[in-house]
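Presented below is the structure to which this report refers.
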Amino acid sequence: LTDARRMTPWLREGSSVPQQQLIRDFGKSRSKALKDIKDRLPMRQRAGMPKYKKKRDALPTLNYTQRGFRLKDARLHLAGGIVVRPVWSRELPEPPSSVRVYRDSVGHWWASFVVPAQTENLPATGRVIGIDWGVKETATTTSDEYDLPHAQHGTQAAAKLTRYDRMMARRKPKKGHAASKGYREAKKPRAKLHKKIARRREDTGRKWAKKVATGHEAIAVEDFRPKFLCRTTMARKAADAAISATKKALIEMGRKHGRAVHLVHPAHTTMDCAQCGARTKHALPLSERTYACTACGAVSPRDKNSARVMLVRAGLVPGWC
């Protein structure tokens, strides 16, 4: 780094603290990737090798350790004589150990502080709930009051996204050529709309997760990983439902408020009967929305039956387990 700063003027103008941290992060990522290759892990489990990016294409990210920043009079003082007055979203509960200053795709700058996690315990309710990620609804629960319907934020903005995509397509640069100013200007409204959709999805998921965590002491949720849906005809609907983001918000909210969150393996949860535990002998297509048990004769909506299976498998209610 010393030799690079001596030979590169623009590198020498910045502080060495985030540059040193960048080298540490690069070394850690590379070591992890090489270790996974040496251990012959499957490709889907390996950590990716860090890749180089052009300065024009990469979004700036600066990590400052504890000796590289300080907070004084609601201002953020960074190494190199940089003083920032951030718009605080909330007060920091503890002194931060590090801060990451970065710019998102829209062009907004953010400061993310690392502080110890704190638990805000909520009053006991004595209630439990089972959650199944569905097709008709984003989340189907054992209580109709807490069902989460599809918000369809992406569907509502589809027309605008199509228009912005056409604007970019007309200005798309040839392979090997730098993007024109018109192309970069066309990317801005598209990036803003994508960010707006993502924030709406996140807001919907967090509000629902807070409602569920407030009303229940224990939560049994399907450990569903919708990555495989990206290769099916349901890819657009699954992405718009934001199941992964909603599940992450639920887990974080449960940890924050001291609620017990049980992750249930999704295998055969749609084929088991919540009453007797019998498993169907034939495949159930997604078009079949009613579950009828051939052993005990129980009939219920398919997703409601799966939500109760989550409770039984987690041991939160008496059942066949």
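In whole percent, what relative contact order does the chain give with Cα contacts below 8 Å and a gap of six or more residues?
Relative CO of the chain lands at 15 percent.
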Sparse-neighbourhood loop sites, trypsin sites (Lys or Arg not before Pro) in the stretch 257-313 - DSSP loop, at most 11 other Cβ within 10 angstrom = 281
ask   = How far apart, in nm, are two points set 7 Å out from the Cα along the Cα-to-Cβ line at residue 188 and at residue 32?
value = 3.5
Sparse-neighbourhood loop sites, trypsin sites (Lys or Arg not before Pro) in the stretch 138-219 - DSSP loop, at most 16 other Cβ within 10 angstrom = 171, 174, 175
note = Over its alpha-carbon atoms, the stretch 188-267 yields an Rg and a Dmax in Å of 14.3, 44
ask   = How large is ³J(HN,Hα) for each residue in the stretch 142-149, as worked out from phi by the Karplus curve 6.51 cos²θ - 1.76 cosθ + 1.60 (θ = phi - 60°), to whole Hz, x for Gly and Pro?
value = 6, 10, 4, 5, 10, 5, 10, x
ask   = Could you give the nm distance between label points at residue 104 and residue 74, where each point is 7 Å from its Cα heading toward the beta carbon?
value = 2.3
inquiry  = Tell me the per residue accessible area of the chain using a 1.4 Å probe; a whole number in Å² is fine.
reply    = 66
inquiry  = If I compute solvent accessible area with a 1.4 Å probe over the protein chains, what percent of it on the chain is carbon and sulfur?
reply    = 53
query = What Kirkwood hydrodynamic radius do you get for the chain when you take the inverse of the mean 1/r over all pairs of distinct Cα atoms, in Å?
reply = 23.9
ask   = Kirkwood Rh, Cα Rg: Rg to Rh for the stretch 74-138?
value = 1.17
Segment residue 88-residue 10, extension gain: residue separation times 0.36 nm, minus the distance between their alpha carbons = 25.0 nm
ask   = Label residue 171 and residue 49 with points 7 Å out from Cα along Cα→Cβ: what is the distance between them in nm?
value = 3.5
ask   = R0 = 45 Å: FRET efficiency of residue 115 with residue 294, Cβ-based, nearest 0.05?
value = 0.25
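Quick one: length gained pulling residue 66 to residue 255 fully straight, 0.36 nm per residue minus the C-alpha distance?
On the way: separation 189, 0.36 × 189 = 68.04 nm, distance 2.63 nm.
The residue 66-residue 255 span can extend by a further 65.4 nm.
The values are calculated or read from the model by the stated rules, or taken from the named source; none is laboratory data. Here the structure is a predicted model, which means the values were calculated and not measured. Counting neighbours? That spans all protein chains shown, and the Cβs are built from the backbone with ideal geometry, glycine included. With ligands, DNA and RNA removed, areas are computed over all heavy atoms of the protein, side chains included. Shrake-Rupley method; radii C 1.70, N 1.55, O 1.52, S 1.80 Å.
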